[in-house]
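Heads up: the structure comes next, in structure tokens.
The values are calculated or read from the model by the stated rules, or taken from the named source; none is laboratory data. Nothing here was measured: the structure is a model prediction, and the numbers come from that model. Every residue, glycine as well, gets a Cβ built from its backbone with ideal geometry; the counts of neighbours run over all protein chains shown.
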Amino acid sequence: MTIARSLVLFAVAALFEIGGAWLVWQGVREQRGLIWVGAGVVALGVYGFVATLQPDAHFGRILAAYGGVFVAGSLVWGMVADGFRPDRWDVIGSLLCLAGVLVIMYAPRG
């Protein structure tokens, strides 16, 4: 149950961080305005809070593992939101990052 909860938290964190960064990008780069930027800043703040809910108590481990989730999630977000088509190297790289998440977070320790 703890691993399932952790994976859900990573997915929720990715939604808020990637979504927040995308909203800021849209507000600034696509000139959609300060409302978009403000919504992005709020979403990024929520991401920071969600990360604290991980069952592991080690900040460095959580953020290092989340980096792999961010890589894969960013490619998926780009596909859905911007029509980005990753090539095989994007896919291979993101799978390697996700394998790193599994090792960092869920390898047996003792």
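Table for the structure above
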read-out: Any hit, the range 17-32, residues being outside any helix (DSSP H, G or I) and in contact with a Ser or Thr (Cβ under 8 Å, 6 or more places away or on another chain); value: no
read-out: Considering residues of the range 1-26 that are farther than 16 Å from TRP77 by Cβ and free of Cβ contacts under 8 Å to residues at least 40 places away in the same chain only, the residue surrounded by the most Cβ atoms within 10 Å (Cβ to Cβ); value: LEU7
read-out: Residues of the range 92-110 that turn out to be over 22 Å from GLN54 (Cβ atoms) and either of a type in the set (Asp, Glu) or more than 16 Å from the chain's Cα centre (by Cα) (or both), as a count; value: 1
read-out: In the range 56-84, residue farthest from LEU102 (Cα to Cα) [restricted to those that are of a type outside the set (D, E, K, R) and not in a helix (DSSP H, G or I)]; value: GLY83
read-out: Candidates LEU75, LEU95, filtered to the one that is modelled with pLDDT of 95 or more, in contact with a Phe, Trp or Tyr (Cβ under 8 Å, 6 or more places away or on another chain) and of a type outside the set (Val, Ile, Thr); value: LEU75
